[in-house]
């Protein structure tokens, strides 16, 4: 263990002496965070305090249409409709925490109400999120208003003994409910909370630039490993009692310390100076930061083992920065891209790290929302680390 720590301390001392370390790890992330945040904040839409709820009308009848109108007029929920979405799409959006809930009106719903055998709506929600209870209450209130309008239509048609009078009476009663005497206002929720557009933009640019330049900053750590091999100090080290495992773990620990230290400083800067809500769930933020640092450190170790010169180390550091950051939503949020690009983008570990950070800072979710992104980052870290071990053994034989 002492040998591992000695190698890590030696690497960190060399890394911190290099001016490029502070340029890539602190100065450039802060500068580009402010640049991107200010550039896109003017175009960011104003926050809507209502809870986002997916809506799919498979019926298309008069009663289901009127139900939709009642929900559109709600001050509590905001319908999120797209004709291309199916039930499985809505279920995924709800499970990912991008919607508070979803409502599906099955085919034949209008006819079933008119026949007196009401079909049940399909309500998708995560019961662990308190916002889903708010949505359920609002939907139930709309259903009660709808049922009241239906009863009025039925009573009128029975009294006048004329089925044709049902529709006008129903329409009149439903229209009255579109402007109810009492309205409920929601001031906050766990899924959507109105925020300043500048803050929302910074909540995307802060973690994205932090991750991007953490990868770019690997070149300083990678060049140390390359230099160690070129000066043959690695070969001399292998003649001692220090094993290959100790050497790799020492280098890895140094890179991890560098990247994690960067994350801590930039997260504190984001929280205190930019008002990005990293500390909404501090343990969730810490978990994402640790696993993301572990993954990026493994990439740095792999670069150092593969590169044969300082020039290659620079190229091998900058190429992953551009490719992984571009695919992973560091430049353009994946939420603004197509479903296909989002799926491809999640081949990049940056996408999983962005999901984890934004689940805390933007969606204001709990620690359970970062477990899957963190597990994915651990998987990537193991893959890159084992690949570095294999390459190191091959190169030193």
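The values are calculated or read from the model by the stated rules, or taken from the named source; none is laboratory data. Fair warning: this is a prediction, and the values are worked out from it, not measured in the lab. Positions of Cβ are backbone-derived with ideal geometry, glycine not excepted, and every protein chain shown enters the neighbour counts.
Some observations on this one:
- Considering residues of the range 333-353 that are assigned to a loop (DSSP other than H, G, I, E, B) and within 13 Å of residue 208 (Cβ to Cβ) only, the residue farthest from the chain's Cα centre (by Cα): 348
- Residue match in the range 359-376 (condition: in a loop (DSSP other than H, G, I, E, B), more than 20 Å from residue 277 (Cα to Cα) and either outside the structural domain of residue 211 (by TED's automatic domain parsing) or modelled with pLDDT of 85 or more (or both)): no
- Pairs where the first residue, in the range 361-390, is touching a residue at least 40 places away in the same chain (Cβ under 8 Å) and the second is loosely packed, with under 15 Cβ neighbours inside 10 Å, C-beta under 6 Å, 6+ apart: 367/283
- Subset of the range 304-321 that is in contact with a helix residue (DSSP H, G or I) (Cβ under 9 Å, 6 or more places away or on another chain) and within 22 Å of residue 376 (Cα to Cα) - its residue that is surrounded by the most Cβ atoms within 10 Å (Cβ to Cβ): 317
- Leading residue by the ranking (surrounded by the fewest Cβ atoms within 10 Å (Cβ to Cβ)) among those in the range 71-118 that are in a helix (DSSP H, G or I) and over 31 Å from the mean Cα position of the chain (by Cα): 115
- Identification of helices (runs of 4 or more DSSP H) wholly contained in the range 141-248 with 2 or more residues that are outside the structural domain of residue 289 (by TED's automatic domain parsing), modelled with pLDDT of 70 or more and over 30 Å from residue 336 (Cβ atoms) yields 166-177.
- Considering 266, 279, the condition of being more than 19 Å from residue 13 (Cα to Cα) and in contact (Cβ under 8 Å) with a residue 40 or more places away in the chain is satisfied by 266 alone.
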